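Below: one structure, written as structure tokens.
What follows draws every value from the coordinates through simple rules; no lab data is involved. This structure is a prediction, so every number in the text was calculated from the model and none was measured. Counting neighbours? That spans all protein chains shown, and the Cβs are built from the backbone with ideal geometry, glycine included.
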Amino acid sequence: MSKQYLTTHTVDDAHITDIFSLAATPRTLLSASGSSTLHVHDTTDPSFPLRQSIPDAHKLGCHHVCTSRNGLYAASAGFGGEVKIWELNKETGDWSSGGEITGPTVKPGEVWAIALSEDGGYLASTTNDGRINVWDVADQSKAKIREYETGSAGSGSFGMCVDLSRDGKFTASGHQNGSVYVFNNDTGRILYSLSGLAKPVRAVAISPAGTRVAAAGDAGIIAIYDTKHGEHVGNLTGHSSWITSLDWSDTGEYLLSGSMDGKVKVWSIERSVCVATHSETDKALWAVRWLPKTGRSEMFCTAGANRSISFYREATGS
Amino acid sequence: MTTSAGTVVSRIESILEAILDCVAQGQELTIDFVSNRSGSGNSPQTVRFPGRTAVEATKFARILLILQLAHDALVSGTVLTKRHIFYQHQGLFVRQRTVDELVDNLASALNVRRDDLNIVASSKGVFSGPLSIRLQDNTVIGPATGEVGIALPAAGSIATISCEIIRWILIVEKDLIRFNCPHIPIFVLADYDPDGLNILRHYRLKSEIVSQSFTAPAIRWLGIKSEDLLERESCLDMLRIPSPDNLQLPENQSSRESTGSKTSISSTECREPISVLSARDRNVAVGILKKLVDSGDDPTAVELGRELQVMLMMGIKAEIQWLDEAGNLTEWLDTKIGQMLLGA
């Protein structure tokens with residue numbers, strides 16, 4: 001059975017240039033683009049108004065933004081190589097600077113994709129030579145506490161994407177040469193090296209329960225692995241273009257995927273089928289995200305080269 | 001001292017024949033070559049296949065490919081650039097410098113000048129079209145009306161360039177050229193990589209490159225842009241020359257076919273080779289982005305900045321040759337230039 005989603009609202013020209021990344025909190029959506037400004041949209045209002053604008057966040061533009069599950073922290077990575085931490089003021093609901101990751105290992109090429117832990121205490125980032133760094137961002141010094149190598153030192157494949165499990169046990173990374181790695185954060189070692197996609201992996205996502213890893217990219221296939229044995233447990237096929245973004249629904253029942261041809265798909269994990277396909281544009285989608293469930297129905301949003309953010313709502317009441 | 005094409009062809013053919021003889025007799029393949037170690041001049045060297053090491057086998061393959069390309073160029077009367085040779089097999093040569101060195105050594109081994117192999121340095125460039133260049137010594141080069149381009153003379157040797165009947169100029173890559181041809185539209189076609197975009201930045205934003213009587217905006221960026229790689233379908237839609245009468249033009253199947261529709265670079269159907277950005281490419285791109293941000297709100301700076309960001313996001317680059325894989329670069333150029341001349 002397919003699911004029905006409706007476009008409930010589109011924020012046209014949400015940024016003056018391509019939107020490269022989205023990150024949700026329970027009440028807001030953060031968007032990052034080729035411009036220097038980060039935007040915070042209010043997702044509790046049906047017209048999704050701009051709640052806050054953070055100017056001069058990244059002078060050369062911002063390619064990744066992420067939030068902690070608890071909604072209190074955000075991090076953003078800019079084309080200039082800088083990584084900034086943002087904190088939510090619970091009283092006012094405004095975001096303000098929570099410092100910057102600095103040091104010799106933060107420069108262009110040293111940070112690409114980023115992910116925050118559930119409580120916002122740790123930040124994982126990928127590098128252009130395939131390393132995965134983990135930073136203690138809760139601490140004032142924001143020191144690097146782990147450095148995972150993939151491949152021999154300094155010669156790994158570009159790290160295109162990264163995710164942390166909700167329980168903090170696992171880090172997963174996807175690379176330009178098609179490899180996917182899962183690391184055990186407790187031991188600080190590689191747990192699995194997962195093959196099968198062969199082409200660049202642009203998105204990796206660990207399921208809410210931490211039992212599955214979804215990886216996808218230029219092969220147009222979403223590969224699902226289990227984290228218990230590192231087994232490849234299935235493929236979701238149907239995209240005909242590079243897959244740029246993945247996100248698990250809060251229950252882990254559904255996976256959201258977005259691709260370069262503007263199509264967003266919802267997949268049922270249990271049945272391994274696509275249950276909905278939508279496209280508001282034929283231009284690249286760079287980010288697709290579920291919104292944390294607050295009302296009666298599930299919602300997700302998409303953004304990309306057309307500079308707009310589209311919000312979708314599950315059609316209910318049949 | 002120039003050696004005639006026929007002489008060079010026969011020298012190359014005798015090498016190739018010797019290789020064929022070895023193949024026929026099941027012997028190891030050899031090419032008598034010279035190696036040019038810095039300072040010590042040319043020393044004779046025999047390159048073998050399969051040879052003792054993988055390095056030697058690779059060198060043999062490289063030399064053989066260059067010999068074949070030079071032979072074909074001489075026989076067909078075309079001129080090759082070192083860059084073109086590199087793009088014939090990037091995986092084999094790895095670096096442009098490898099080609100440059102081998103070509104020079106090959107010329108030494110054959111006892112000819114590099115030009116005699118019909119191979120020119122890419123920086124010199126060739127021109128084609130109804131253009132006449134008068135040199136300081138009063139000789140005139142051009143017009144180049146055939147299919148074969150004429151090598152551009154050294155800038156210092158040029159006295160005047162006559163361009164009265166020229167309606168537009170197309171610059172294909174690779175290096176910066178100085179102009180003084182006011183009022184003639186100039187189009188630039190460059191690779192979709194950080195260096196290609198940097199050439200555009202120089203042309204459009206750095207006034208010292210062009211003479212003062214020349215306004216930078218007259219230089220128009222033809223491509224390659226990300227949309228050329230991503231939106232092959234809408235690129236084809238633009239083939240319909242915009243005019244008020246044919247807004248409702250039906251699907252023009254013939255033009256669609258003749259242009260050899262090519263799939264988007266991001267399609268899973270795309271079978272073309274794709275080059276990924278190197279660490280150096282990413283660093284160069286970020287460096288250019290910084291300079292563009294300092295250029296402020298200039299529309300060209302904004303457009304170039306966006307292209308660089310999208311390139312970094314996609315993580316890929318594409319040479320002009322990518323557009324030509326289906327053999328349709330000429331038509332693509334016709335269409336693009338036509339649109340730009342009519343549209344703007």
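Sorted fewest first by neighbouring Cβ atoms within 10 angstrom, A:THR67, A:THR7 come out as A:THR7, A:THR67. Between A:GLU253 and B:GLU101, the C-beta separation translates, for a Förster distance of 51 Å, into a calculated FRET efficiency of about 0.25. Each Lys or Arg adds one and each Asp or Glu subtracts one; over the other residues with Cβ under 13 Å from the Cβ of A:ILE221, this totals +2. Look at the stretch B:305-313: the mean tally of other chain Cβ atoms within 10 Å of its residues' Cβ atoms is 6. Across the cross-link table entries B:LYS82/B:LYS225; A:LYS169/A:LYS293; A:LYS144/A:LYS199; A:LYS3/A:LYS283, which are compared at the Cα atoms, the separations over 27 Å belong to A:LYS144/A:LYS199.
In segment B:85-120, whose amide N lies under 19 Å from the spot 7 Å out along Cα-to-Cβ of B:THR139? List them in ranges. Taking a point 7 Å out along Cα→Cβ of B:THR139, the residues of segment B:85-120 whose backbone N falls under 19 Å are B:113-120. If you bin all the Cα-Cα distances of segment A:154-229 at 5 Å, starting from zero, the percentages per bin are 3, 18, 31, 26, 15, 5, 1. Charged neighbours of A:CYS161, selected by a Cβ distance under 15 Å, balance to +1 (K, R count +1; D, E count -1). Near A:ALA205, once Lys and Arg are set to +1 and Asp and Glu to -1 for all other residues with Cβ below 10 Å from its Cβ, the sum equals -1.
For peptide B:126-133, the mean count of partner chain Cβ atoms within 10 Å of a residue's Cβ comes to 0. Ordering A:ASP56, B:ASP228 by the number of other Cβ atoms within 10 Å of each residue's own Cβ, fewest first, gives A:ASP56, B:ASP228. Quarter the surface of the alpha carbon convex hull of segment A:168-318 and you get the mean projected area, 9.3 square nanometres. The alpha carbon convex hull volume per residue for the protein assembly as shown rounds to 212 Å³.
Mean partner shielding of peptide A:238-244, defined as the number of other chain Cβ atoms within 10 Å of each residue Cβ, is 4. Protection proxy ranking for A:202-212, A:73-83, A:89-99, using the average of other Cβ atoms within 10 Å per residue and placing the highest first: A:73-83, A:202-212, A:89-99. Legend: ranking of residues B:LYS290, A:LYS283 from fewest to most surrounding C-beta atoms inside 10 Å; resulting order B:LYS290, A:LYS283.
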